[in-house]
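Only the coordinates and a few stated rules stand behind these numbers; no lab work does. All values reported here derive from a predicted model rather than from experimental measurement. Virtual Cβ from ideal backbone geometry, glycine too; neighbours counted across all protein chains shown.
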Amino acid sequence: MTAYNTIAFDPSRCESCNNCDACITACAQIKSGTDDPLHSRIKIVAGINGNQPELALCRQCGDPECTKSCPSTSLTKNEQTGIIDWNKSLCIDCLLCTVGCTYGGITYNMTLKHVAKCDMCDGDPACVKACPTGALTYLTSANIFNEQHEREDLFVPGLSACQGCNSEMIMRHSLRKVGPDTVLATPPGCIPGMGSVGFNGTTGTKVPVFHPLLTNTASMLAGLKKQYNRMGRKVTAMALAGDGGAGDVGFQSLSGAAERNEQILFIVVDNEGYMNTGMQASGSTSYGSWTTTTPVGTEMKGKPTNQKNLAMIMMNHNCEYVATASTAFVEDYYEKLDKALEASERGFAYLHIYSPCPTGWRFPSSQTIEVCRKGVETNFAPLWEYERGGELQFTHSIDNPLPVEAYLNLSGKYRHVNEQQLAHIQQEVNDRVKTLKRFAGLN
Amino acid sequence: MNQTHYLIAGASHAGLEAVHRIRLIDETASITVITRDAQLPYSPTILPYVVSGQSEPDRVVLRNADYFKSQDVNLITGNELIAIDEAAQQVTLKSGEQWHYEKLLLATGADPIIPPIPGLSETPFHVLRTMQDAINLRTHAGNAKTAIVLGAGLIGMHGAENLRHAGLDVSIVEMCDQVLPGYFDNQAASVIEVAFNSNGIHMLMGSGVVKVEPLESGCQATLENGQTVQADLLLVATGVKPKLDYLKGTSIQIDQGILVDRTMRTDAANIWAAGDVAQAADFYKDEKVMMGILPNAVTQGAIAAMDMAEDEALQPYSGGVPINTYTFFGQQAISVGQSVADEQTETLSRVDDDNQSYLKILLKDNQLQGISSINEEMDAGIMWQLILRKIDLTPVKDAFIAQPLETGRALMSSTWR
Ligand SMILES: Cc1cc2nc3c(=O)[nH]c(=O)nc-3n(C[C@H](O)[C@H](O)[C@H](O)COP(=O)(O)OP(=O)(O)OC[C@H]3O[C@@H](n4cnc5c(N)ncnc54)[C@H](O)[C@@H]3O)c2cc1C
Ligand code: SF4
Ligand code: SF4
């Protein structure tokens, strides 16, 4: 089985271009050398009664109907690229493919007197490059599946995470890539709570795993790693910790290990609070968030203080490698995980992954990735990396962010936020970006 | 005795889609496919292009030997199902071979009707349904100068155009007053007829053939109106009808084809039928109809297979909707659904005389009943779905009438996301 690259469409961004038709013109140009929209294989159509725009474009279906209706074998799914290839020399212009397709993906071109369809420009789609708003994107994350799915998932099936849990996804992805030569620490939090350390002598993880105290995760791992080094065994010492376990209760050991530049891969899954014990606030909980310890009432309106930015704090330890990541940008995460793994051979590597929590933040479990995405796109959770001695680098553009409401509106924990609080949060986001920019040498 | 779990008679659109669907959820059970043809599967729709030389027989193979191997399917070519013993769950092939099955799909398609015209049985003539028919016709056309085509249905029209492309002087003889009766309304039919005429095809309309006789080389046909036509070759294309001799002695009920329910089951246990051989529910009326079109063969093949393989995603057949995308001499006539208005339909049409294009929309209760066009861009698949899903067009009616293409695309895109 193979996964394929795809062109993704975000109608909310498309709306903002006011029918610029840049994609249509770019497609017409590359396919015909003219601006005539007739030659474009991508069509943006106005939404129904003022709704967001809609897209007519070949979906390069997994089980394509067009090929089944084709009597001439002109249409075939290319196993390598996933694209439905059309072979002109075989086509008899019967138009039966247009009966099979329900998306307007293959259409008759009156001038060419043939059907035409999107071929994704041999992996470099012109429409995507032309799109000024980012409504069209070329997603290549399929490669991750192709490269990784042969590797073993090192957590057992059936962990009892909540539906839509981002943390479970992070754990499984991360350990699968880091591999079996690992000793894993999971301090108290959702990660062991869902069964990864096991119960009654059983284990939920297929690598050696232990359950340190909240306070001593980094120091225990440091000791284990030293012992493995002494034995001459190459083992990755890895932590999967929550934000509370890392930044509040366990901070002294974390800070110490980072200062000593211990060879540790320390991954923080930041869901902004102590979620498995009943959604209490942590130092990472953002300003205005509802939690059970920062309730919404006549006096208090959610958390009154700003969150502390643990990733920036760790950068200031001058670790070998520090980066932020999000599961909505999984290719970016995989690259960072590679770098962090390599850096952890030399010294301390720290990854901070934003991990919106459907249960504690109150959004539908189907929206996890969307919340992650909006976090990044509003600059609430900017993506960057830092290598020892270097400058901070943004790995996702911080220019033209969406207003922060686009992120806040998705989660129930911000539902009560008033104008004043909103302005505060927006200011906070702007200030943080400004600070980060200084570290990046931009200003 | 040979054993197979799934036995599929017919290796064309219905049968092949069935194989695909079965394998999607059942990777291991044995599948055996039997086809009458000596060669690997091909589509009957391609045959006129084989006649003209545009398509080469070895380049239009729908599934090659590797496919059957990779799917672990046993393909038996050049053999024929001739009898079924439903109680014993076994069939007999022409070769004498017997096969025991758990589930049997009849997807044997249709065969040309040979009309009872006096003299026809003594006159050499062609039909066009199998690859061998096409190769014979092509060979004959290579040393013929003139041709008569009996019947202006889809096969006759495609056949005539391609014989013309092969360089022959062609006459079409049709009993009805219009070409493609039942497929297009008379307005579309007349545009098509004009195109045929102006491309040098003699359209002899409204008069049946009363007699055919062989000549020294070729034949002569005498029409009802007394006119006679002579030609080097004769193509009979007066319709198709399934050959159902193999059902003798079974409990399977037939009318014009094999009667099936909405999951393509016949009256006999463990036996399904799909494609041109089947007579299944109509979309519009409470009756069972013969469809005889390729997309429908695919749909029915899929449904039969999903039922046979007990696929839980099975949705019962929503009924046949006639669909024709007909290209002729570089023009297109498309008709999806009902093409002729009745008292209950609201008809909206737009005609553009210069371009020879037209568009007609039939609505009932603000739901699309049918849409047909000539030389207009049209997404037939989207229109088909709008009809099948009975999408309420009330909120978009004006937009749909003004711009059916764009509105249809927006509607389908929004239901997709
Ligand atoms: C010239 C021509 C042009 C056409 N143009 C169009 C068009 O433009 N649009 C459209 O929608 N449709 C068109 N059609 C119709 C379309 O081809 C059919 O609807 C479609 O092929 C039906 O598929 P099927 O699988 O039901 O049967 P068929 O394609 O007829 O296949 C029947 C299969 O069964 C096998 N078989 C037959 N009898 C037996 C037996 N006793 N035992 C074992 N195997 C047997 C045959 O070898 C074959 O493999 C055209 C048909 C023709 C002939
Ligand atoms: S043309 Fe249509 S049916 Fe074919 S792959 Fe593209 S979207 Fe799917
Ligand atoms: S128009 Fe060409 S590609 Fe489309 S179904 Fe017909 S032969 Fe195949």
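Overview of values
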| quantity | calculated |
| --- | --- |
| Kirkwood-based Rg to Rh ratio, segment A:1-45, C-alpha trace | 1.08 |
| Other protein chain Cβ atoms within 10 Å, averaged over every residue that makes up B:382-388 | 3 |
| Which of B:ILE293, A:MET312, B:ILE271, positive extreme of dipole for the protein assembly as shown (C-beta unit charges) | A:MET312 |
| Qualifying trypsin sites (Lys or Arg not before Pro) in segment B:254-360, DSSP loop, other Cβ atoms within 10 Å at most 13 | B:LYS285 |
| Value of Rg to Rh for segment B:23-80 (Rh from inverse mean 1/r over Cα pairs, i.e. Kirkwood) | 1.05 |
| Ranked list, fewest to most other Cβ atoms within 10 Å of each Cβ, for B:ASP66, A:ASP36, A:ASP93 | B:ASP66, A:ASP36, A:ASP93 |
| Rg/Rg_globular for segment A:216-355, with Rg_globular taken as 2.2 N^0.38 Å and Rg from C-alpha atoms | 1.13 |
| For a label point 7 Å along the Cα-to-beta-carbon line of A:THR2, residues of segment B:21-60 with backbone N under 20 Å | B:24 |
| R0 of 60 Å, Cβ-Cβ distance B:THR415-B:LYS211: FRET efficiency to nearest 0.05 | 0.60 |
| Residues B:TYR246, A:TYR138, sorted so that the one with the fewest Cβ neighbours within 10 Å comes first | A:TYR138, B:TYR246 |
| From the C-alpha gyration tensor of the protein assembly as shown, square roots of 5λ in Å | 65, 31, 23 |
| Amide H contacts of B:ARG262 (H built 1.01 Å from N, under 5 Å, at least 5 apart or other chain) | none |
| About the Cα centre, charge dipole magnitude for the protein assembly as shown (Lys/Arg +1, Asp/Glu -1 at Cβ), debye | 2760 |
| Choice from B:THR394, B:THR108, B:THR130 showing the highest fluctuation, given a GNM over chain B with Cα pairs closer than 10 Å | B:THR394 |
| Reference-scaled alpha-carbon Rg (2.2 N^0.38 Å with N residues) for segment A:169-247 | 1.05 |
| Estimated FRET transfer efficiency (A:GLU405, A:THR305; beta-carbon r; R0 25 Å; 0.05) | 0.75 |
| Residues in segment A:338-378 reached by a label modelled at A:ARG415 [backbone nitrogen below 15 Å; 7 Å Cα→Cβ] | A:358-365 |
| Angstrom value of the Kirkwood radius, inverse mean 1/r, which spans all Cα pairs in segment A:345-401 | 13.3 |
| Cα-only Debye scattering, segment B:330-413: base-10 log of I(q)/I(0) at q = 0.15, 0.18, 0.23, 0.25 Å⁻¹ | -0.48, -0.70, -1.15, -1.35 |
| Förster radius 51 Å - calculated FRET efficiency between A:GLU147 and B:THR228 (Cβ-Cβ, nearest 0.05) | 0.10 |
| Translational diffusion coefficient (Stokes-Einstein; Kirkwood radius from C-alpha pairs) of segment B:222-317 at 25 °C, 0.890 mPa s, in µm²/s | 160 |
| For segment B:289-356, average projected area of the Cα convex hull in nm² | 7.4 |
| Largest-first ellipsoid semi-axes for segment A:150-439, taking √(5λ) over the Cα gyration tensor eigenvalues, angstrom | 30, 22, 17 |
| Neighbour-count order for A:ASP10, B:ASP365, fewest beta carbons within 10 angstrom listed first | B:ASP365, A:ASP10 |
| Top of A:GLN29, A:GLN280, A:GLN307 by mean-square fluctuation, Gaussian network on chain A, Cα under 10 Å | A:GLN29 |
| Mean projected area (nm²) of the alpha-carbon convex hull when segment A:113-252 is viewed from all directions | 14.1 |
| Dipole in debye (nearest 20) - segment B:330-413, about Cα centre, beta carbon charges: Lys, Arg +1; Asp, Glu -1 | 340 |
| Convex hull volume of chain B per residue (C-alpha atoms, cubic angstrom) | 157 |
| Backbone HN-Hα couplings from phi across segment B:194-200 [Karplus 6.51/-1.76/1.60, Hz, Gly and Pro as x] | 4, 4, 5, 4, 6, 9, x |
| Convex hull volume of segment B:29-133 per residue (C-alpha atoms, cubic angstrom) | 134 |
| Amide H partners (placed H, <5 Å) of B:GLN71, local residues excluded | none |
| Fraction of the pair-distance distribution of segment A:1-120 above 26 Å, Cα-Cα pairs, percent | 22 |
| Size of charge dipole - segment A:6-143 - debye, nearest 20, with Cβ of Lys, Arg +1 and Asp, Glu -1, no other charges | 160 |
| Amide proton proximity set for A:LEU55, modelled H, under 5 Å, gap of 5+ | A:VAL45 |
| Kyte-Doolittle at least 0.0, axis length at least 20 Å by Cα - qualifying DSSP helices, chain A | none |
| Two-decimal Rg to Rh for segment B:123-280 - Kirkwood Rh, Cα set | 1.06 |
| Alpha-carbon Rg with Dmax, taken over segment A:130-209, Å | 16.1, 58 |
| Kirkwood estimate for segment A:386-443, i.e. one over the average of 1/r between Cα atoms, Å | 13.1 |
| Most positive-pole-ward Cα, B:GLY153, A:LEU240, A:VAL417, against dipole of the protein assembly as shown from beta carbon charges | A:LEU240 |
